[in-house]
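K.L.:
Encoded as C-alpha cells, here's the structure I'll be asking about.
The values are calculated or read from the model by the stated rules, or taken from the named source; none is laboratory data. It should be emphasised that the depicted structure is a prediction, and the values quoted were computed from it without experimental measurement. Here the Cβ is made from the backbone with ideal geometry for all residues, glycine too, and neighbour counts use every protein chain on show.
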C-alpha cells in the first residue's frame, strides 16, 4: 500500500468519515457515484469495486459488462456541503477491465493516454478554465416558458445585496475547501450569469476539478434556494455559457509556447499547436459542443466563436493569444474559446491536446492572424480570408466527426463509436420534436 492510500485510510478514521463516494463519468460527462462503507475502502484500493459497466452510457457492451472502479487516492477530499456530522468524502476512479487493464472506454483514461503521449514528446500540459453558468430562481420556467434569472445584472456588475454575489462568495469558499484554487469570479454579461475561473493545473487535475466544480455550484445553489445550470444557451436573447480554456505546454520548467522576440512572443511549437487545433476543430466540435443546444450558443452571437480563426487578443477568434506581459514569458498560452460549459472535460481536453500535438508532430503551418472583428465581416470576406465556419448543428458536427481519421486515434475506437451513437440518438430525438417555435409561427396561419 502506498503513502497516499495510507493517508486516505488514516484520514477516514481520524475524521470519522461515514461514506466514501467513488466518482467517475460516462461518455458524455455525466457524473456517476457509488457510496462505499469506510471498511471497504482498503479492498477497493487493492482490487477495485466491481459494477455493471453495460448500465453506464458508453462504458461496456452487455456481453462484457463486468468492470472495476479503482479509486485514485490523490483525489481524496471531504465534501463540505455534507456537513461535519456523518462526514462524506469522494475519490475519482479509473475504470479497469476485470483483468486490471485500463478500460479503453473510460473518459478519464482517454485524457491520461493523450497526456502520456504529450509526455513522450517531452511536454506537460497545463490548463486554466473560465467556467460560465446561469443562476436561476428555479428549475421551473416562468409564465412565458423561459427560465427566470436571479437578477438583471450585466458584465462585472456589482449588485448590492445581490443573490449572485453571496452565491459566488459561498461557492468560492467551498471550492477552496475541496482543494480547488479559484483565480477570480464575477457577474457575466447575461442576467443571472456568472463566471468563476480556476487556477492553472495539469490537464487531468483540471478535468477532475471541473467535475467537482459543477457539483459544488449546483449544491450551493440548492442550499440557497436557487438553481444553477451549465446549459450552453438557456436564453434566446442572452449570451450562452462557455468554458474558455487556456492551454500551455511546458518542457520541464520552461514554457514551450514562449519565444522572446518572435511575433506575439509565440514559439514555433505554439504556432504548430494552434494550427493543429484550427485544422481539426470541425472534427472535434461534436465533443467540445456535444448537445443540440450547443449550436444555439455557437451561432447565437454574444462573443461565441463560429469560424476557424486565431488572433492576438481578438475575442472574436476561435483561438486567442492573450496579451503578452513583459517579463511574464512563463505565462505564454493560447485560449480555445469554443468549448461549452457542459462538455465532458476529459474528452474535450483530450481532443484539443491531441489536435495540437498532431500539429506539432506534422509541422502544420499557421495561417495569418485575424485582425478584424470576424462577426462584422461578410460571408465572402470570411471565405476569402480562409475563416471557414464550424459545424452549424449537431448533425453537421456528427457527420464531420464520422469522417475524421484523427478522432478515433485520440479517443480510441470504443469511445469514438459510443460517443457518436449517443449523439446520433440525441439528434434523432430532437429532429422528431415539434417545438413551441413551430406552433407559434405556423399553427394560426397554416
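K.L.:
Just one of the numbered conditions (1) assigned to a helix (DSSP H, G or I); (2) within 19 Å of the chain's Cα centre (by Cα); (3) in contact (Cβ under 8 Å) with a residue 60 or more places away in the chain; (4) surrounded by fewer than 22 Cβ atoms within 10 Å (Cβ to Cβ) is not true of residue 117; which one?
P.N.:
Among (1) assigned to a helix (DSSP H, G or I); (2) within 19 Å of the chain's Cα centre (by Cα); (3) in contact (Cβ under 8 Å) with a residue 60 or more places away in the chain; (4) surrounded by fewer than 22 Cβ atoms within 10 Å (Cβ to Cβ), the lone unmet condition for residue 117 is (2).
K.L.:
Could you tell me how many of the residues in the stretch 10-37 are under 31 Å from the mean Cα position of the chain (by Cα) and without any contact (Cβ under 8 Å) to a residue 60 or more places away in the chain?
P.N.:
7
K.L.:
Which of the residues that make up the stretch 255-272 are in contact (Cβ under 8 Å) with a residue 60 or more places away in the chain and outside any loop (DSSP other than H, G, I, E, B)?
P.N.:
255, 258, 264, 265, 266, 269, 270, 271, 272, listed by residue number.
K.L.:
Of all residues being surrounded by fewer than 22 Cβ atoms within 10 Å (Cβ to Cβ) and in a strand (DSSP E or B) in the stretch 120-135, which is farthest from the chain's Cα centre (by Cα)? Just the residue, please.
P.N.:
Residue satisfying both the conditions and the ranking: 124.
K.L.:
With respect to residue 153, determine if the residue is more than 29 Å from residue 335 (Cα to Cα) and either touching a helix residue (DSSP H, G or I) at 6+ places or on another chain (Cβ under 7 Å) or not in a loop (DSSP other than H, G, I, E, B) (or both).
P.N.:
no
K.L.:
Quick test for you: out of 76, 92, 123, pick the one residue that is in contact with a strand residue (DSSP E or B) (Cβ under 7 Å, 6 or more places away or on another chain), farther than 30 Å from residue 164 by Cβ and assigned by TED's automatic domain parsing to the domain that holds residue 46.
P.N.:
76
K.L.:
May I pose another question? Among the listed residues 228, 189, identify the single one that is assigned by TED's automatic domain parsing to the domain that holds residue 303 and surrounded by fewer than 23 Cβ atoms within 10 Å (Cβ to Cβ).
P.N.:
Numbers: 228 fails: surrounded by fewer than 23 Cβ atoms within 10 Å (Cβ to Cβ).
Result of the check over 228, 189: 189.
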